[in-house]
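The values are calculated or read from the model by the stated rules, or taken from the named source; none is laboratory data. Note that the coordinates shown come from a computational prediction; the quantities given were computed from them, not determined experimentally. Because the Cβ atoms are built from the backbone with ideal geometry, glycine has one as well, and the counts that use them run over all protein chains shown.
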There are 2 protein chains.
Amino acid sequence: MPASEFQLIERYFARLGTTRADVVLGVGDDCALLQVPADRQLAVSMDTLVEGIHFFPDVDPESLGHKALAVNLSDLAAMGADPAWVTLALTLPKVDEAWLAGFCRGFARLAARYQVQLVGGDTTRGPLSISVQVHGFVEPGRALRRDQARPGDQIYVTGSLGDAGLALLAAGGGYDAGERLAVLQQQLDWPEPRVAASQALRHLCRCAIDISDGLLADLGHICEKSGLGATIRQAAIPLSEAVADYVHTTGDWSMPLAAGDDYELCLVIPAGQQAQVERIARTLAVPLTLIGQMESGAGIHCVDAAGNKVADLQGGYDHFRNA
Amino acid sequence: MPASEFQLIERYFARLGTTRADVVLGVGDDCALLQVPADRQLAVSMDTLVEGIHFFPDVDPESLGHKALAVNLSDLAAMGADPAWVTLALTLPKVDEAWLAGFCRGFARLAARYQVQLVGGDTTRGPLSISVQVHGFVEPGRALRRDQARPGDQIYVTGSLGDAGLALLAAGGGYDAGERLAVLQQQLDWPEPRVAASQALRHLCRCAIDISDGLLADLGHICEKSGLGATIRQAAIPLSEAVADYVHTTGDWSMPLAAGDDYELCLVIPAGQQAQVERIARTLAVPLTLIGQMESGAGIHCVDAAGNKVADLQGGYDHFRNA
């Protein structure tokens, strides 16, 4: 007889991640009971990954468990929030305990790294799909919203952009990445949420967003919500060797500008903080690159090294339009 | 061109339910920002509904929107928590705006009835599936957990049991419910979460659970967590006319004892409170029926009017075993 839903919960989900003192009651009742610190606001975000849309059917379940949590922790980082709790709605076509064990291993390792505890969720039967909600804490008034940018603020990004997009293109046979495929694939399958960078830099930031739908689309949200435009110096955008090769070979900037799934942070920081930002970035060992600034007006302009506007590019991944 | 994900969010999800003062930032940023009252704990629960498993493909989207929220509010009621916020992960095969408008109408009407605000979520493409997380408040130490029952405590249930199960049986052609089908179908499609009953009775209760997997399975969780057994007087179980007819015709008690989806509450209340419980039930206009008591030992015994044990029945719905 296959394991029951209750046995699965007991075996895989009852103790997953860190055990936190602020969890009054975790998995196993009608609700979890949680204690938010009196001097903090609660930040919550929810993201779904669907087989065939967000990941390939043959994906390593361990990397999928990692990524399902990572993309959500990335939203907390983008808000400047400290991670605390997570819930998991897992829909599975059948009980495959080897798959489940792998999924939970990837999920749990990342949860433990950021002191996150799984406190609840639901396990149901159906087409493979994963919804995760993360919960974090933020000091009142200190959240990194999208609507606080001002003209002249500087725009930074962590890491390098376009690797996940190029990995997808290569996986689909649209590009031969050669021996660099493994590195690209690592970026696609095992994104590291920029929690540490957010915690170290948030006191300097005015806004932040994580780059899940592409730089232009995501920075576009900051522009729209703040009622501003932005200029990006295209040559300043940090590229891995693989993406730099791709761009120079093809002339196509869509990977670093418009491909999703990178989960780097785009940070908006008032001018004059550059030395401090760079000092913090060195301590973190996370690349942090100044790529442009916020401006009056609307829309994002990409300029070349001479300051001339380069051709527009349709930006960002949209789940329904790109169907 | 079909609507984009962002247009859908703006059109259907940006303002859904009540507008609450404790929502610092709602839909539209990386995270929602929420203020839990300083003297309350946060109660959270998450439930998923999958097409073909939890509902028929041709279900009225308005009732589906209602039910997706109702089954989650039922968990808050079972915990004795006051509803506050909700997040919604909606996976849709395609954008069907008439369907979405119906779904949101059903969801929003119920949300407004219980002063609940939608604060975030995710809209993705894929096989139809809905994950909802509810968030509520509970006084520290006053949550209705499953592990607090004591021998001699009395067991009550709200409403009547087995209607949703019989509706499913009838829908599958396994029973001719005649002119009562519409009433049964109403119970299956439009369950009313017992929030008001919970709020009125929780100060008297030691434990509660909502009956989503069947009375025996759900009361079984209270028995197991409390390290006790229970005796149920079968003839005392409240039945609608339709279910009473079914039981008397077929001799089959599985609908009221083991069928899921009723979302009534099973409440465990210390002995000696009966007069007070009945007075509150009359004020609420919610049927509340004493069906048995908690006992030392383990397992649930059903007895007939003479106190003799009736035959055992396999209890409860399990998503994987009943596949």
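Among all residues of the range A:223-235, there is at least one that is under 21 Å from A:Glu278 (Cα atoms) and assigned to a helix (DSSP H, G or I).
The numbered conditions (1) crowded, with 24+ Cβ neighbours inside 10 Å; (2) more than 23 Å from B:Arg113 (Cα to Cα) are all true for B:Tyr263 except (2).
Here is a yes/no grid of residues against (1) of a type outside the set (Gly, Ala, Ser); (2) closer than 15 Å to A:Leu76 by Cβ:
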{"residue": "A:Val195", "(1), (2)": "yes, yes"}
{"residue": "A:Arg206", "(1), (2)": "yes, no"}
{"residue": "A:Ser212", "(1), (2)": "no, yes"}
{"residue": "A:Leu216", "(1), (2)": "yes, no"}
{"residue": "A:Cys223", "(1), (2)": "yes, no"}
{"residue": "A:Arg233", "(1), (2)": "yes, no"}
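Note on the range A:60-80: residues that are more than 26 Å from A:Gln185 (Cα to Cα) and either free of Cβ contacts under 8 Å to residues at least 40 places away in the same chain or not in a helix (DSSP H, G or I) (or both) total 1. Report, by residue number, each residue of the range A:203-219 that is of a type outside the set (A, V, I, L, M, F, W, C), surrounded by fewer than 22 Cβ atoms within 10 Å (Cβ to Cβ) and outside any loop (DSSP other than H, G, I, E, B). Once the filter is applied, which keeps residues that are of a type outside the set (A, V, I, L, M, F, W, C), surrounded by fewer than 22 Cβ atoms within 10 Å (Cβ to Cβ) and outside any loop (DSSP other than H, G, I, E, B), the range A:203-219 yields only A:His203.
Here A:Tyr175, A:Tyr156 are screened, and the one residue that is in contact with a helix residue (DSSP H, G or I) (Cβ under 8 Å, 6 or more places away or on another chain), of a type in the set (Ser, Thr, Tyr) and surrounded by 24 or more Cβ atoms within 10 Å (Cβ to Cβ) is A:Tyr156.
The rows are residues; the columns are (1) buried (at least 24 other Cβ atoms within 10 Å of the Cβ); (2) assigned by TED's automatic domain parsing to the domain that holds A:Leu204; (3) within 28 Å of B:Pro93 (Cα to Cα).
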residue	(1), (2), (3)
A:Arg40	no, no, no
A:Pro61	no, no, yes
A:Lys67	yes, no, yes
A:Ala78	yes, no, no
A:Val116	yes, no, no
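Looking at the range B:72-98, which of the residues that are aliphatic (A, V, I, L, M) and more than 10 Å from chain A (Cβ to nearest Cβ) is nearest to A:Gln133 (Cα to Cα)? It comes out as B:Val86.
Scanning the range B:114-126 for any residue that is touching a Pro at 6+ places or on another chain (Cβ under 6 Å), assigned to a strand (DSSP E or B) and within 18 Å of B:Val23 (Cβ to Cβ) turns up nothing. Applying the set (1) in contact with an Asp or Glu (Cβ under 7 Å, 6 or more places away or on another chain); (2) of a type in the set (Asp, Glu); (3) at pLDDT 95 or above to B:Asp318 leaves exactly one unmet item: (3). Select, from A:Pro151, A:Pro83, A:Pro140, the only residue that is more than 15 Å from B:Cys31 (Cα to Cα) and either at pLDDT 95 or above or surrounded by fewer than 20 Cβ atoms within 10 Å (Cβ to Cβ) (or both). Being more than 15 Å from B:Cys31 (Cα to Cα) and either at pLDDT 95 or above or surrounded by fewer than 20 Cβ atoms within 10 Å (Cβ to Cβ) (or both) holds for just one of A:Pro151, A:Pro83, A:Pro140, which is A:Pro151. Contact map, the range A:139-166: first residue away from chain B (no Cβ under 14 Å), second residue in a loop (DSSP other than H, G, I, E, B) and among the polar types (S, T, N, Q), Cβ cut-off under 6 Å, separation 6 or more or different chains; pairs are A:Pro151/A:Ser296; A:Ser160/A:Ser240; A:Asp163/A:Ser240.
When each of B:Ala21, B:Ala68 is tested for being under 20 Å from the mean Cα position of the chain (by Cα) and at pLDDT 95 or above, the lone residue that passes is B:Ala68. Considered as a group, the residues in the range B:29-65 that are within 15 Å of A:Asp39 (Cα to Cα) and at the interface with chain A (Cβ under 7 Å from one of its Cβ atoms) include one that is nearest to the chain's Cα centre (by Cα), and that residue is B:Leu42. Of all residues in the range A:104-124, those that are more than 14 Å from A:Arg11 (Cα to Cα) have Cβ atoms under 6 Å from Cβ atoms of residues that are among the aromatic types (Phe, Trp, Tyr) and crowded, with 24+ Cβ neighbours inside 10 Å, 6 or more apart or on another chain, in A:Gln117/A:Trp85; A:Val119/A:Trp85. For the range B:113-138, a tally of residues being more than 9 Å from chain A (Cβ to nearest Cβ) and acidic (Asp, Glu) returns 0.
Okay, residues lined up against (1) in contact with a strand residue (DSSP E or B) (Cβ under 7 Å, 6 or more places away or on another chain); (2) assigned to a helix (DSSP H, G or I); (3) modelled with pLDDT under 95; (4) closer than 17 Å to A:Gly214 by Cβ:
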{"residue": "A:Tyr246", "(1), (2), (3), (4)": "no, yes, no, yes"}
{"residue": "A:Pro256", "(1), (2), (3), (4)": "no, yes, no, yes"}
{"residue": "A:Gly260", "(1), (2), (3), (4)": "no, no, yes, yes"}
{"residue": "A:Leu267", "(1), (2), (3), (4)": "yes, no, no, yes"}
{"residue": "A:Ala271", "(1), (2), (3), (4)": "yes, no, no, no"}
{"residue": "A:Arg282", "(1), (2), (3), (4)": "no, yes, yes, no"}
{"residue": "A:Val286", "(1), (2), (3), (4)": "yes, no, yes, no"}
{"residue": "A:Thr289", "(1), (2), (3), (4)": "yes, no, no, yes"}
{"residue": "A:Gln293", "(1), (2), (3), (4)": "yes, no, no, no"}
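Here the condition is being in the same structural domain as A:Val132 (by TED's automatic domain parsing) and either in contact with a strand residue (DSSP E or B) (Cβ under 9 Å, 6 or more places away or on another chain) or buried (at least 21 other Cβ atoms within 10 Å of the Cβ) (or both); of A:Ala111, A:Ala98, it holds for A:Ala111 alone.
The residue that is nearest to the other protein chains (Cβ to nearest Cβ), among those in the range B:7-26 that are under 21 Å from B:Asp96 (Cα atoms) and among the aliphatic types (A, V, I, L, M), is B:Leu8. Against the test of being more than 23 Å from A:Leu42 (Cβ to Cβ) and either without any contact (Cβ under 8 Å) to a residue 40 or more places away in the chain or not in a helix (DSSP H, G or I) (or both), the options B:Pro57, B:Pro37, B:Pro83 yield a single qualifying residue, B:Pro57.
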